[in-house]
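Notes for the one structure printed next.
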Amino acid sequence: MSFVARRGNTLVLAICVLIALPVVTRNAVWTDSAALLGIYALLALSVGLSYGQAGILTLSQAAFASLGAYAAAICTVRWGWPPLADLPVALLLPALIAFPVARLVARLSPLATALSTLAIGSIIAIAIRSADDFTGGYMGIAGVPSIGFVKAPASYAWLIWAMVVIVVFLYENLCHSAYGRALNVLRFDQARAAADGVNPPMLVSAAFAISSSIAGVSGWLYAHYISFVSPESLDAHLSISALLMAVVGGAEFILGPILGTLLLDGLTRLLPAAELQGVYYGIALIVILLVARRGIFGLIEGGLAQVRQLRRSRSGEVTALEIEASRP
Amino acid sequence: MSGGLVAKGMEVSFGGVRALRGVDIVVSPGAVMGLIGRNGSGKSTLFNCITGFVRPSGGRVSVDGKDITGMRPHQVVAKGVGRTFQTPRLEARTSVLTAVTCGLYASVRSSLVGALFGSPWAMREERLLRERAEAEMERLGLANLRHVEVGKLSLGLLRLVEVARCLVSGARFVMLDEPAAGLTSVEKDKLAAEVRAVAARGLGVLLVEHNIDMVRQLCRSVAVLETGNVLCQGTPDEVLRNDDVIRSYLGALGDIEDAAGGWQ
Amino acid sequence: MIHFVEYVLRGALAGAIYALLAAPMSLLFATARTIDFAVGAYALIAAAVAATIGGIAGAEAGLAAAMLSAAIMSLIFVGLKRLGCEDGIVFALASFGLSAVIESFVLWYWGARSFIVSYVAASWSLGGIRLDQQGLFNLLIAAIVVVILHVVVRHSSLGRMMRASAVNAVGATLAAIPVEGLQMGVYLAGGLLAGLAGLLVLYSAGIDFTAPLGLTLSGFGAAIVFGVGSPLRCLFGGIAMGVAQALASGYLSEALSAMTPFLFILLVLSMRPADTEALAGGRP
Amino acid sequence: MNLRMLRALAICVGAVAMIAGSARAQDAPVKIGAVLSLSGPAAVFGIPERDAIQAIVAKMSSTTKGGRKFEISFYDDKSNPTEATRAVNQAINDKVVAIVGPSTGSGILAAGPIAQRLSTPLIGPAGTLAITDPKNEFYPWIFRAAPSDASDVRAILQDMAKGNAKKVGIFYQEDAYGKTGVDLAREVGPSLGLNVVETASAPYTATDLTAQATKLRNAGAQAVFLQISIAALGSSFVKAARQVGLSVPIYANAGLAQRSFAENVGNEVEGLRIVSIGNLPYDPTPGEAELAKMLEAAGKQPQGWGELTGSNALMAALGAIDRQKGKDITGASMRETLESLCDFDKFARGRVCYSAKDHDGWHEDALVITEVRNKQFRSVP
């Protein structure tokens, strides 16, 4: 029972995926969108973990994703590794860079954090595009092979969303553990967390490293799905989009970033494509932020809380104040 | 060094200003030690110094003979010294149970990776943590608040949750930072009873407090700080009869009203 | 050696623009604990309007356009606040939205063309180093603006009110400080300064629709690198970044020189002592 | 034979074909997708490309010379490879038989596998060398609609070699276009007696280029080569060069052959040389003049060569459609036809022949060396 209760988000997501994907994969464009959405959702989830949980306002997630993507491309195309053998590299490489970076930024204010992650992201991007022979420079690497049996776009959509479900499962485990609770305390009050016995820089760094690994996976999937990576593929704009997606959906909620991804990406699909797209997009973004300041999930949760309270007061359940008054 | 929480010759200076000038203080197991003094007298600095939030420039701190000088806050917690905050910033929607469970962080044994993958061991530990937290809440009479959000609690209850959170970690020494500030008299009485019960369980309590009545009620021994020095030390009645104390501390009652400032 | 000095001087001149873009960010942070990521877009719209109309009237219209855009941002800010938002990051993200709107509008209205106008073409020779007057003029303007801001923020009652609004908005309101009006005013002033920066870019290097994000981030870097609180530090931040960039492009390989501004930022931030406010839980 | 006669002839042939051919195949319009950068940094090219295509379609009332009805739908690749793949996917799902675009090299490389999988050719108006590299698995499906970067660089360096300069400094923008140009110049230069002594670069949004100009001056460059496509960056460098006393001849690659660049640097220099794909606004060939007229009729001001490359790609697609009179047209049949398409109707100069071995089609004869005079590009005889 508690196993189910503590994995509500994973279950909801898994059910949604099982219902939606068979329908979606009937249409080639929707299939493609589903696959890319899953990749972006992973990126937004990585922002959710680092900003929503660990409080690191990050503008470098796309750079970590590109590390994962290049790891995949270089291992398979340059070194001839079989696909899947490159997954550990795509997972570990971003984490190895993110960990020390987080040690540096954990003690800074959010703005300075944003600036330094932006700087790290840019340095990674410049390093990648400057290593001509190794990474293909600005031209990137084409012809990244498929992951074994996964070839058709529909299978990719399934693989990618399976990965999203797995990540949400892990994320939810983390949130319901002592570490997740500590992160939550830490975000509001580092001193309070330290007094609980938390080593703030250590925990934040670990969380950021995990978040970067998630970004790495998203890049790994990207490289194998698109079969091409270049410095423009996963650029700084995407880091900003990922942050927006996470915040719009609700960064502190597990499924918030996924919802934000569906919403913002859906918007760019529906809006007419041309010079004016940015106008529509920007206005939509501002309106969403005005309507849902804690993200769409915050809005939903606020509504649910109101309903719950209403029901409680009707059913005559005890409230906190009453309990307090009745204490011996 | 003897048992108990011992701070000897604590020295702290901030940019040339000496906030502590060789303060000695001993908290024995099962006793409540009071620490009073005017604002700026160094109470908070001493407090932060012992708990690792401020690095001392001189002196030694030890717990049951083990040196903990200069350790970081989380290491100090691991040595069995817990502390509370006056008004902790918590996410308003956290439930009381979760808030108290947070205090158990130091005793968590399963690894981050284990937690991530939800290993059976980690799950079992998680259950144990909750049981321990519930037991502590039961003891402090918080059990029926389990699912109430901390944002909805009164200040008094929030302080009690803080105390619970501190105790649940298995701390042998508990440092309370002005727990009674801003409480109603009913709440103060309740709090005093809880603190006494804590001491009765054999824990050492260091109580930083402005409220003289509370100190008199609870403490066997009181130290008065003045400009970074211990002005005098003794039983509450001795201390409160001391002329210096009356002049420097009680004479300036106006300050006490401002005492609801930050913990720093 | 003479080359070194030349690079330093050129970098300092280039940094003036960053400083001008950083100043509104610093001012807004000091007043409302948030950042306006649309400053690059204000600069762009000012330059586009000024280049289209031309002359002094164009410059004035450009500044007006920038301030109008900033006024929209201030309304968004107030709207968010009235709806109960206190998170500075949300305001900042909303300004990303406005930046996208302006950038896209410019692309739609003016097309993909670039804007550049040359008024002052003369240059002065300083010990064999030729410095163009426009660059010196830019630096002068940036310095004057920043010094004025510094005096206002640090030494006037307006500045005290601004700082009070940021530290404790409720308290400031109780103390009869028109917090919201003040913050809106700072947004407008930010629009004016960013517009000014846009004009100077228009008169020196030129600008096109792709510029906003780059300009914003340069300003952001200059504003944060030495501490966000003070306009003077913005000037130093901007100039330091300009100099670092110029020296790097003079002496280092392309890859390293592209990295230099970012490495510089990281270096400075890593030397900064731990943020005590953050340690105490104060995340603005 | 002039164009009008050609057209009359074509209409006659088309009419005959219409009667002769299967009525079913002729009824439904053939769909063509245009995946172009309508936003983002590559919009500098994408927007003129779209404008030209729209103007031509309006002029032809959506009917090829051969009398076949066609339909164009536009998609934005946002100057981003991922978006390019999505747009190509969408276009093919909308049943297009060929795609004009994507606008950028990386967009084409990213979308190539999709074009191959879904059997729809891409006609890319980009100069990027790698897009027609026979080593690509998807090579058969990509056709180029502009001279490659290698042709451009060779043409302008040949012109530079006619001057006295031997030591060349290069200034380039930090992207794929900029870097490719530098690499090519380093490769081609020595065979023409040109020695690259120094390079300097800047990101798109650099606000000051005097340090870069100083670097080239200090290296003793006798001529400067600009590999830039952002007009603001180009103008800014020219200005910076003059400020720091780098008064050597400047040569620029085709990226800067944009109207706003000529107008911006017109105040600064005379005689700056630029290689260009045609010379649309200023010294047009009759074909180019016709396109310019169409653009003006559509209310657009010609900007440079973006219109020409866009028209090239469209005309290649239309040419391939016309070659398949009376047949059912599919992506695969378009590819096959394109692969042997030669001398089709178009506006730009140069002789174009695609073959299985040559997917580039366009070569140096499509280029012209121009000179900035009086704020205009003037063709150098």
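Points worth noting:
- In segment D:217-242, the residue that is nearest to the other protein chains (Cβ to nearest Cβ) out of those that are farther than 28 Å from D:Asp283 by Cβ and buried (at least 24 other Cβ atoms within 10 Å of the Cβ) is D:Ala240.
- Subset of segment C:79-102 [aliphatic (A, V, I, L, M), more than 7 Å from every other protein chain (Cβ to nearest Cβ) and either within 25 Å of D:Ala240 (Cα to Cα) or in contact (Cβ under 8 Å) with a residue 60 or more places away in the chain (or both)]: C:Ile102
- Residue match in segment A:310-328 (condition: open to solvent by less than 20 Å² (accessible area, probe 1.4 Å) and modelled with pLDDT of 75 or more): no
- In segment A:35-93, the residues that are in a loop (DSSP other than H, G, I, E, B), touching a helix residue (DSSP H, G or I) at 6+ places or on another chain (Cβ under 6 Å) and over 28 Å from A:Ala154 (Cβ atoms): A:Ala54, A:Gly55, A:Ile56, A:Leu57, A:Thr58, A:Leu59, A:Ser60
- Search result, residues across segment C:199-218 that are assigned to a helix (DSSP H, G or I) and either within 7 Å of another protein chain (Cβ to nearest Cβ) or open to solvent by 20 Å² or more (accessible area, probe 1.4 Å) (or both): C:Val201, C:Tyr203, C:Ser204, C:Ala211, C:Leu213, C:Gly214, C:Leu215, C:Leu217, C:Ser218
- Test: residue in segment C:86-95 that is of a type in the set (D, E, K, R) and open to solvent by 10 Å² or more (accessible area, probe 1.4 Å): yes
- Across segment B:112-134, a minimum of one residue is classified as among the polar types (S, T, N, Q) and part of a loop (DSSP other than H, G, I, E, B).
Results for (1) more than 10 Å from chain D (Cβ to nearest Cβ); (2) part of a helix (DSSP H, G or I), shown as yes or no for each residue.
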{"position": "C:Ile177", "(1), (2)": "yes, no"}
{"position": "C:Tyr187", "(1), (2)": "yes, yes"}
{"position": "C:Ala194", "(1), (2)": "yes, yes"}
{"position": "C:Gly227", "(1), (2)": "yes, no"}
{"position": "C:Gly238", "(1), (2)": "yes, yes"}
{"position": "C:Met241", "(1), (2)": "yes, yes"}
{"position": "C:Ala246", "(1), (2)": "no, yes"}
{"position": "C:Pro261", "(1), (2)": "no, yes"}
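- Test: B:Val215 is touching a residue at least 60 places away in the same chain (Cβ under 8 Å), aliphatic (A, V, I, L, M), open to solvent by less than 30 Å² (accessible area, probe 1.4 Å) and not assigned by TED's automatic domain parsing to the domain that holds B:Arg18: no
Residue-by-condition table, conditions (1) open to solvent by less than 10 Å² (accessible area, probe 1.4 Å); (2) among the charged types (D, E, K, R):
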| residue | (1), (2) |
| --- | --- |
| C:Leu136 | no, no |
| C:Leu140 | no, no |
| C:Arg160 | no, yes |
| C:Ala166 | no, no |
| C:Ala169 | no, no |
| C:Thr173 | no, no |
| C:Pro178 | no, no |
| C:Tyr187 | yes, no |
| C:Ala197 | yes, no |
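- Pair list, Cβ under 8 Å, 6 or more apart: segment B:77-92 residue more than 7 Å from every other protein chain (Cβ to nearest Cβ), other residue among the aromatic types (Phe, Trp, Tyr) and assigned to a loop (DSSP other than H, G, I, E, B): B:Gln86/B:Trp263
- For first residues located in segment D:320-345 and in the same structural domain as D:Thr120 (by TED's automatic domain parsing) and basic (Lys, Arg), partners that are in a helix (DSSP H, G or I) and open to solvent by less than 40 Å² (accessible area, probe 1.4 Å) and lie 6+ apart or on another chain with Cβ distances below 8 Å form the pairs D:Arg323/D:Thr337; D:Lys325/D:Gly14; D:Lys325/D:Ala17; D:Lys327/D:Ala25; D:Lys327/D:Ser333; D:Arg335/D:Trp141.
- Residues of segment A:196-208 classified as open to solvent by 10 Å² or more (accessible area, probe 1.4 Å), hydrophobic (A, V, I, L, M, F, W, C) and within 7 Å of chain B (Cβ to nearest Cβ), total: 1
- Per the conditions (1) buried (at least 22 other Cβ atoms within 10 Å of the Cβ); (2) without any contact (Cβ under 8 Å) to a residue 40 or more places away in the chain, the sole criterion not satisfied by D:Ser247 is (1).
- Hey, D:Asp94 under 29 Å from A:Phe228 (Cα atoms), open to solvent by 10 Å² or more (accessible area, probe 1.4 Å), within 14 Å of chain A (Cβ to nearest Cβ) and at pLDDT 90 or above or not: yes
- Residue match in segment B:179-193 (condition: within 13 Å of chain A (Cβ to nearest Cβ), farther than 24 Å from B:Ala19 by Cα, surrounded by fewer than 19 Cβ atoms within 10 Å (Cβ to Cβ) and modelled with pLDDT of 85 or more): yes
- Per the conditions (1) facing another protein chain (nearest Cβ under 7 Å); (2) in contact with a Leu (Cβ under 6 Å, 6 or more places away or on another chain); (3) modelled with pLDDT under 90, the sole criterion not satisfied by A:Gly137 is (2).
- Within segment C:103-129, tally of residues that are more than 8 Å from every other protein chain (Cβ to nearest Cβ) and either within 30 Å of A:Leu276 (Cβ to Cβ) or under 20 Å from the mean Cα position of the chain (by Cα) (or both): 4
- Criterion violated by D:Met18 - all others in (1) modelled with pLDDT under 90; (2) in contact with a Leu (Cβ under 6 Å, 6 or more places away or on another chain) satisfied: (2)
- Among the residues of segment A:282-292, none qualifies, meaning not one is surrounded by fewer than 24 Cβ atoms within 10 Å (Cβ to Cβ), within 18 Å of the chain's Cα centre (by Cα) and within 11 Å of another protein chain (Cβ to nearest Cβ).
- Residue that is farthest from the other protein chains (Cβ to nearest Cβ), among those in segment D:190-216 that are surrounded by fewer than 21 Cβ atoms within 10 Å (Cβ to Cβ) and touching a strand residue (DSSP E or B) at 6+ places or on another chain (Cβ under 8 Å): D:Asn195
- Residue list for segment B:23-42, restricted to those being open to solvent by less than 70 Å² (accessible area, probe 1.4 Å) and either among the polar types (S, T, N, Q) or more than 21 Å from B:Gly65 (Cβ to Cβ) (or both): B:Ser28, B:Val32, B:Gly34, B:Leu35, B:Ile36, B:Gly37, B:Ser41, B:Gly42
- Single unsatisfied condition, D:Thr180 versus (1) at pLDDT 90 or above; (2) surrounded by 24 or more Cβ atoms within 10 Å (Cβ to Cβ); (3) farther than 18 Å from C:Ala14 by Cβ: (1)
- Within segment A:115-134, the set of residues being within 12 Å of chain C (Cβ to nearest Cβ), open to solvent by 30 Å² or more (accessible area, probe 1.4 Å) and of a type outside the set (A, V, I, L, M, F, W, C) comprises A:Arg129, A:Ser130, A:Asp132.
- Residue tally, condition surrounded by fewer than 24 Cβ atoms within 10 Å (Cβ to Cβ) and either in contact with a Pro (Cβ under 9 Å, 6 or more places away or on another chain) or at pLDDT 90 or above (or both), over segment C:111-130: 1
- Pick from segment D:73-91, criterion buried (at least 24 other Cβ atoms within 10 Å of the Cβ) and among the hydroxyl-bearing types (Ser, Thr, Tyr), ranking: modelled with the lowest pLDDT: D:Ser79
The values are calculated or read from the model by the stated rules, or taken from the named source; none is laboratory data. All values derive from a computational prediction rather than experimental measurement. Cβ: placed from backbone, ideal geometry, glycine included. Neighbour counts: every protein chain shown. Calculation scope for accessible area: heavy atoms of the full protein, side chains included, ligands and nucleic acids excluded. Shrake-Rupley method; radii C 1.70, N 1.55, O 1.52, S 1.80 Å.
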